[in-house]
């Protein structure tokens, strides 16, 4: 059951996202509500025309048990709707929605991801994702894991610190054109390399900002998709794979699970106009580019990527939204979106898509 | 006067996990000042796993003492430790291949400076003064900086691993919640009237969830003190840690006149339980201004904290159920 191809009758028919905020002053349901309304207005649908709603969020982020229930307010859930939730990035909600649509009894699914990281301390919270006996009690956090991954790449001669800075320089410059970006700057590689280390060999700019935000998209099948938009973005494949929760057992100089997912989908790394990759730490772009065998003709993260805005639990789904938006605007014909979960690219999801030729 | 700017809260879960036949002896070993690996074919895994990572086959608990020395395979320098890190000064997280083990362990190295860190650095396991049978009982130091320790053996095995998760959060009050609080402080109920439906929400979350409309200060409305009990429950206290109640008491929902969402969890002490009923008319009597307590009201939870002294029966005729049946919760 590895191959997730054959989903070509499912399309993204609308996308919406909030800016990445350093600290959004209102509550999380309001982040989502604005997106729900945007998508309903764009498609001309009434709320109860949508068959299925699924969201990804994390109650730990803002420290509110059952925050995901409050978020249902944002979807417009009265009269009651058919909905579900994952404690994962919205990209995995997309995966579940696609699986659900393939059952054939429903035609539309609303997919969301949202999170407010600003009230908490993400480094402390995400250490709790790790092994509860061996790693959580020593607070092993994603930034430190990214530092270990970066150093492993340097030691293996697979990258230099200048390579990391190149990723940052290009991403932050691209972010200047992205109205949703939180951090954007025109800064040279040399200036970046002159900055002090944060978690050696990473500098602060190699890390993503702390962000609040949300993203959302509407999926529809076949004829329903064509009714709802004249610019459907067809999902051509989706797969996700996970590596060991014991990072000591992983080779951090490759993204093995990304490669397995790519092989399962049989993708050709030169076949995309654009790739939106979940590069939370700059070295990850190099690993992903290699695992996906992306050629230099593929434009990576024209949005600036997560280095310009990292609304945890929406960051991955936002990659899908950004890629789909480029196809809808006619700036790309084919695109690959990638989402990641866990420390040091532990879990990876790939979604490929194309516009009407 | 309280300034309602930001709110902070703590989330705690005290986890207790059984350690099992593999992790248990390893943690017991740490408490007793030694590192144990588990045999896996012709290899040794430290820290030990319950399964062969290549085949996922279950491993027999066949232990071998490893260390105390080890070699750094990879490292990163944590210049700004979090409060959850094992060391509170700059340190290295590293993958360390303990002598006699074939798999690396991720742990902290206490080193005098980042300058000593390198691949191949020889390190030695060091133990904390107070050991509880946890991975944090041990850390590592460069061999050149390590010193001898005498670690007394503890009593018995370590069957349970305790891990207190304690997280702190701080955020500004959402603007709507801040105005609600300022109202309570001034002795007023401030709600919001939906421009779409005309429904009045108190406390409002800043939006009308039914019509999906965001609301602003322009939608604020002041609501009176009289209302109707829509439902209630009588709680008979059971003894538990922290319980202060001994006698049965009432928690009621009160629908203020000209509002559409009842104030929940209202504490009723002044009305005999046998006399209390849904449909009863009551009026909020606020505590004196300097005794109002806003504890527990934040962006997450609404309620009225310790602001209301009591709900006084007005003596008006009861309201029939049909009138408030849409507002019972």
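The values are calculated or read from the model by the stated rules, or taken from the named source; none is laboratory data. Everything numeric in this text was worked out from a predicted model, so none of it was measured. Positions of Cβ are backbone-derived with ideal geometry, glycine not excepted, and every protein chain shown enters the neighbour counts.
Taking region B:33-117 and the strands (runs of 3 or more DSSP E) fully enclosed by it, the elements with 2 or more residues that are crowded, with 22+ Cβ neighbours inside 10 Å and within 12 Å of another protein chain (Cβ to nearest Cβ) are at B:69-78, B:91-98, B:105-109. Residues in region B:35-72 that are touching a residue at least 60 places away in the same chain (Cβ under 8 Å) and closer than 21 Å to residue B:161 by Cβ: B:35, B:37, B:47. Scanning region B:169-179 for residues that are touching a residue at least 60 places away in the same chain (Cβ under 8 Å) and either assigned to a helix (DSSP H, G or I) or more than 13 Å from chain A (Cβ to nearest Cβ) (or both) gives B:177, B:178.
Residues in region A:227-254 that are over 21 Å from the mean Cα position of the chain (by Cα), in contact (Cβ under 8 Å) with a residue 24 or more places away in the chain and away from chain B (no Cβ under 14 Å): A:228, A:229, A:231. The residue that is nearest to the other protein chains (Cβ to nearest Cβ), counting only those in region B:180-209 that are under 30 Å from the mean Cα position of the chain (by Cα) and surrounded by fewer than 19 Cβ atoms within 10 Å (Cβ to Cβ), is B:182. If I filter region B:304-320 for residues that are more than 18 Å from residue B:256 (Cβ to Cβ), assigned to a loop (DSSP other than H, G, I, E, B), at pLDDT below 95 and in contact with a strand residue (DSSP E or B) (Cβ under 8 Å, 6 or more places away or on another chain), do I get at least one hit? No; the residues of region B:304-320 include none that is more than 18 Å from residue B:256 (Cβ to Cβ), assigned to a loop (DSSP other than H, G, I, E, B), at pLDDT below 95 and in contact with a strand residue (DSSP E or B) (Cβ under 8 Å, 6 or more places away or on another chain).
Across region B:233-243, not a single residue is classified as more than 14 Å from chain A (Cβ to nearest Cβ) and either within 27 Å of residue B:185 (Cα to Cα) or surrounded by 15 or more Cβ atoms within 10 Å (Cβ to Cβ) (or both).
For region A:5-21, the count of residues that are within 13 Å of chain B (Cβ to nearest Cβ), farther than 30 Å from residue A:230 by Cβ, modelled with pLDDT of 95 or more and outside any loop (DSSP other than H, G, I, E, B) is nonzero.
Residues in region B:2-18: is at least one in the same structural domain as residue B:113 (by TED's automatic domain parsing), surrounded by fewer than 19 Cβ atoms within 10 Å (Cβ to Cβ), assigned to a loop (DSSP other than H, G, I, E, B) and in contact (Cβ under 8 Å) with a residue 12 or more places away in the chain? Checking region B:2-18: not a single residue is in the same structural domain as residue B:113 (by TED's automatic domain parsing), surrounded by fewer than 19 Cβ atoms within 10 Å (Cβ to Cβ), assigned to a loop (DSSP other than H, G, I, E, B) and in contact (Cβ under 8 Å) with a residue 12 or more places away in the chain. Residue B:122 meets the conditions (1) over 21 Å from residue A:134 (Cα atoms); (2) facing chain A (nearest Cβ under 10 Å) in every case but one. The failed one is (2). Filtered by the rule that a residue be crowded, with 21+ Cβ neighbours inside 10 Å and either at the interface with another protein chain (Cβ under 7 Å from one of its Cβ atoms) or within 15 Å of residue B:218 (Cα to Cα) (or both), region B:158-168 gives a lone residue, B:161. Scanning region B:19-29 for residues that are within 11 Å of chain A (Cβ to nearest Cβ) and either at pLDDT below 95 or in a helix (DSSP H, G or I) (or both) yields a total of 6. A count restricted to region B:118-130 and to residues that are part of a loop (DSSP other than H, G, I, E, B) and in contact with a strand residue (DSSP E or B) (Cβ under 8 Å, 6 or more places away or on another chain) stands at 5.
Answer yes or no as to whether residue A:168 is touching a helix residue (DSSP H, G or I) at 6+ places or on another chain (Cβ under 6 Å), surrounded by 17 or more Cβ atoms within 10 Å (Cβ to Cβ), under 19 Å from residue A:345 (Cβ atoms) and in contact (Cβ under 8 Å) with a residue 60 or more places away in the chain.
On the way: touching a helix residue (DSSP H, G or I) at 6+ places or on another chain (Cβ under 6 Å): yes; surrounded by 17 or more Cβ atoms within 10 Å (Cβ to Cβ): yes; under 19 Å from residue A:345 (Cβ atoms): yes; in contact (Cβ under 8 Å) with a residue 60 or more places away in the chain: yes.
It is true that residue A:168 is touching a helix residue (DSSP H, G or I) at 6+ places or on another chain (Cβ under 6 Å), surrounded by 17 or more Cβ atoms within 10 Å (Cβ to Cβ), under 19 Å from residue A:345 (Cβ atoms) and in contact (Cβ under 8 Å) with a residue 60 or more places away in the chain.
Regarding residue A:65, is this residue part of a loop (DSSP other than H, G, I, E, B), in contact with a helix residue (DSSP H, G or I) (Cβ under 9 Å, 6 or more places away or on another chain), within 11 Å of another protein chain (Cβ to nearest Cβ) and in contact (Cβ under 8 Å) with a residue 24 or more places away in the chain? Criteria not met by residue A:65.
Evaluation of residue A:289 against the conditions (1) within 14 Å of chain B (Cβ to nearest Cβ); (2) assigned to a helix (DSSP H, G or I); (3) surrounded by fewer than 24 Cβ atoms within 10 Å (Cβ to Cβ) shows that the sole unmet condition is (1). For region B:282-302, the set of residues classified as buried (at least 16 other Cβ atoms within 10 Å of the Cβ) and within 30 Å of residue A:71 (Cα to Cα) consists of B:294, B:297, B:298, B:299, B:300, B:302, listed by residue number.
One line per residue, one yes/no per condition, for (1) within 12 Å of another protein chain (Cβ to nearest Cβ); (2) assigned to a helix (DSSP H, G or I):
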| site | (1), (2) |
| --- | --- |
| A:55 | no, no |
| A:60 | yes, yes |
| A:88 | no, no |
| A:105 | no, no |
| A:110 | no, no |
| A:115 | no, no |
| A:119 | yes, no |
| A:123 | yes, yes |
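Scanning region A:328-336 turns up one or more residues that are surrounded by fewer than 21 Cβ atoms within 10 Å (Cβ to Cβ), part of a helix (DSSP H, G or I), over 18 Å from the mean Cα position of the chain (by Cα) and touching a residue at least 24 places away in the same chain (Cβ under 8 Å).
Quick one: is residue A:259 outside any loop (DSSP other than H, G, I, E, B) and surrounded by fewer than 20 Cβ atoms within 10 Å (Cβ to Cβ)? Reasoning before the result, please.
Values: outside any loop (DSSP other than H, G, I, E, B): yes; surrounded by fewer than 20 Cβ atoms within 10 Å (Cβ to Cβ): yes.
Yes.
Taking region A:139-159 as the region of interest, how many residues are at the interface with chain B (Cβ under 7 Å from one of its Cβ atoms) and assigned to a loop (DSSP other than H, G, I, E, B)? Residues in region A:139-159 being at the interface with chain B (Cβ under 7 Å from one of its Cβ atoms) and assigned to a loop (DSSP other than H, G, I, E, B): 3 in total.
With respect to the conditions (1) buried (at least 17 other Cβ atoms within 10 Å of the Cβ); (2) more than 28 Å from the chain's Cα centre (by Cα); (3) within 26 Å of residue B:182 (Cβ to Cβ), residue B:229 lacks only one, and its number is (3).
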